[in-house]
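A short write-up of the structure that comes next.
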Amino acid sequence: MATFVSHPLIRPNTMESRLYQESILASAMQKNVLCVLPTGLGKTPIAVLLAVQRLQAIQSSKALILAPTRPLVNQHYRSFLDFLQLPEGELAVITGAIKPDERKEAYEGKRIIFATPQAVENDLQEGRLSLKEFSLLVLDEVHHAIGDYAYPYIAKKYLEQASNPKILGLTASPGGSKMKIEEICKN
C-alpha cells in the first residue's frame, strides 16, 4: 500500500512518498544539489517538495523553475499545479512569447515562476527581473549548463542577488566524463 507525502502545501494523496526522493530532498535542503535520476523516477516531485519547503520556511520568497523548452516549462507548470495546494494565480509561465512588460509583472506578482532560460537571461540583462526574493532556483536538464548557454549566467546572477539562495539541478544525463560533470556543478 502506497504512502503519500503529507505537507500543508501538497494536495493530499497526490504524491507518493519514496525514500530515495526524501534522501535527495534532505541533501538539497542543506546544500545546492545536482540530482541525477533516470527519466520517470521522480526528479519533479523532488523539485516540488524543495519548493514548498523553501516557500514555507522563507515566507515572502519565490521559486524559479527553468527548463530549456516551452513544452518542458509547461510540463513543469502542470505537474506543480497537480501537486500543489496553491491558487493557480500564484504561478506563472514565462517564455519569449510573452511581452516583456507582462513578464516583469509576473515576476513581481507570482510566487512560482516557470520559464525558459533565454527569457530570464534577457530579463536579467534588461533589468526587468531581480532575483533577490527567490529562495530556490531549479535548473531542469542542467547538463546544458556549459559554454554560452543561459544557465551559468543565471546561476551566477542568482548567487549574487538572492538573499537566501538554493539551487537544485536536475538531469537524467549529466555527461559521460567526470570533467563535464564538474563543469556543470561549477557553472
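The values are calculated or read from the model by the stated rules, or taken from the named source; none is laboratory data. Bear in mind that the values here come from a model prediction, so they are computed numbers and not experimental data. Cβ atoms come from the backbone with ideal geometry, glycine included; neighbour counts cover every protein chain shown. Protein only, heavy atoms only, side chains kept; ligands, DNA and RNA dropped before computing areas. Shrake-Rupley method; radii C 1.70, N 1.55, O 1.52, S 1.80 Å.
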Of residues in the stretch 45-97 being part of a loop (DSSP other than H, G, I, E, B) and out of contact with any helix residue (DSSP H, G or I) (no Cβ under 7 Å at 6 or more places or on another chain), the one most open to solvent (accessible area, probe 1.4 Å): Q59
Residue within the stretch 131-141 that is surrounded by fewer than 15 Cβ atoms within 10 Å (Cβ to Cβ) and at pLDDT below 95 present: no
Contacts under 8 angstrom Cβ, first residue in the stretch 70-82 being on the phi < 0 side of the Ramachandran plot, partner open to solvent by 60 Å² or more (accessible area, probe 1.4 Å), 6 or more apart: R70/A97; L81/E88; D82/R11
Of residues in the stretch 22-39 being open to solvent by 70 Å² or more (accessible area, probe 1.4 Å) and part of a loop (DSSP other than H, G, I, E, B), the one farthest from I65 (Cα to Cα): P38
Qualifying residue in the stretch 9-21 (condition: of a type outside the set (S, T, Y), open to solvent by 40 Å² or more (accessible area, probe 1.4 Å), in contact with a Lys or Arg (Cβ under 8 Å, 6 or more places away or on another chain) and not in a loop (DSSP other than H, G, I, E, B)): no
Matching residues, the stretch 101-118, being closer than 21 Å to A47 by Cα and surrounded by 21 or more Cβ atoms within 10 Å (Cβ to Cβ): Y107, I112, I113, F114, A115, T116, P117
Residues of the stretch 142-162 satisfying the condition of being touching a residue at least 40 places away in the same chain (Cβ under 8 Å) and open to solvent by 60 Å² or more (accessible area, probe 1.4 Å): H144
Cβ pairs under 7 Å, 6+ apart, first in the stretch 32-45 and closer than 24 Å to L81 by Cβ, second open to solvent by 70 Å² or more (accessible area, probe 1.4 Å): G42/R18
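From L64, L84, L34, which residue is closer than 24 Å to L131 by Cβ and modelled with pLDDT under 95?
Details: L64 fails: modelled with pLDDT under 95; L84 fails: modelled with pLDDT under 95.
From the options L64, L84, L34, the qualifying one is L34.
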